[in-house]
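Okay, structure first, notes after.
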Amino acid sequence: MSTLASPGLMLGVDHIGVGSSDIGRSISFYADLGFTDIAFEYEGPLHGLESVAGRGDVRAHVVLLRSAHETPLGNAAIKLVHTLDSPPPPMPDGMAWGEPGVCEVCIHVTGEAALYRRLVDELGHTGLMEPNEAALDPHGTRCSLSYIADPDGTKIEMIEWLDLQQGWPWPSGPQGVNHVAFGVADIERTRDFYAGLSFDGLLFESDGYFEPMHPWYAPRQAPRQRMMLLTNPHGAGMEPVQHFPPSPDMRGEWGHLGPFEFGIGVRSIELAAQRLRERGIELLCDPRSIDLGAGASWSYAYFVDPDENYVCLSELRC
């Protein structure tokens, strides 16, 4: 294992950043998905984001939501962001799934089909894809998945790993963040890059067409998708996706409505930033720390991956 990925230094996907037009409404929605633990709530300046957001003096309302249940994938969070210094930018027009940029939030659940019916039929949330089951290469791992949308249009995958959760002690329902998915131009380059950040496990790899998603791309023709789920033993995973032929850039502005970034948890943000620099990875934002009161703090720094997706190093002490 590389010195950059020394055990415990990088802790898997810590959160997925989701732009919100109404924080209260978003909190209520994600509570229906089990994210009822508010790790912190902050309203004020986010310093150092000139190279990330394209402007200085960024101010935002930030709420970090964690699942009320433990999860076998690490307690990754939803980070809701509502920009205050300017209106939240819109989601990129025509964003479907897997184009360059962050494209979804994936939540691990048990009893996925029943949860989908409750969310859509009883609670009135928007359903995007009915539950369907598949076996995934290279291990034939069976899963069932479906999609709903949050109030701002974020695509949320709910996935149940039918072969991997035997004996898991929690009752049926949502179990926290499973992974973040994002589009890339060269998936092997992405795999090599994130292997150096401790994402060196592989749960599945697939290459082909996924017909239930085809309506999302209209009027474009649905692309062939090559994807893989890269894992880290300390937290949630990541799913890079490459389209054939390439799809339009959907990264959009920082803080836009819907999913726009993801964070990697770290034990020491200063040490993690140092290791990134030693590897030749440029920081767009040096480590900054926010005092959350009562001895708690949240520290962050930003870099971009080979496809210029925004990635946040995140260290929360509370």
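Whole number please: convex hull volume per residue of the Cα set in region 241-303, in Å³?
139
Read through the labelled values (i) 56, 51, 28; (ii) 44, 43, 40; (iii) 66, 53, 46 and report the label of the one computed as Cα extents along the principal axes in Å from the structure.
(ii)
Whenever you get a sec, compute what percent of the accessible area on the chain sits on carbon and sulfur atoms (1.4 Å probe).
The computed percentage sits at 49.
Beta carbons within 10 angstrom, averaged per residue: use that to sort the peptides 281-289, 299-307, 129-137, highest first.
299-307, 281-289, 129-137
Can you work out the FRET efficiency for the pair residue 117 and residue 142, with r the C-beta to C-beta distance and R0 = 22 Å, to the nearest 0.05?
Working: r = 20 Å, r/R0 = 0.92.
Efficiency, rounded to the nearest 0.05: 0.65.
For residue 283 and residue 133 in one chain, what is 0.36 nm times their gap in residues minus the Cα-Cα distance, to one decimal in nm?
Result: 50.0 nm gained on full extension.
For region 179-318, evaluate the Debye formula with one uniform point scatterer on each Cα (no solvent term) and list log10 I(q)/I(0) at q = 0.09, 0.11, 0.13 Å⁻¹, rounded to two decimals.
For region 179-318, the Cα-only Debye profile gives -0.32, -0.47, -0.64.
Is region 58-167 best put as rounded, prolate or oblate by its Cα gyration tensor, with a ≥ b ≥ c the root eigenvalues, rounded for a/c under 1.5, and otherwise prolate when a/b is larger than b/c, oblate when not?
On the way: a/c = 1.80, a/b = 1.65, b/c = 1.09.
Prolate is the answer for region 58-167, as a/c is 1.5 or above and a/b outweighs b/c.
Roughly speaking, what is the stretch gain from residue 274 to residue 59, that is 0.36 nm per residue apart minus the C-alpha to C-alpha distance, in nm to one decimal?
74.7 nm
The values are calculated or read from the model by the stated rules, or taken from the named source; none is laboratory data. Values in this document were obtained by computation on a predicted structure and should not be read as measured data. No Cβ is skipped: glycine too gets one built from the backbone with ideal geometry, and neighbour counts run over all protein chains shown. The protein model used for the area step is the full one, side chains on, heavy atoms only, and it has no ligands, DNA or RNA in it. Shrake-Rupley method; radii C 1.70, N 1.55, O 1.52, S 1.80 Å.
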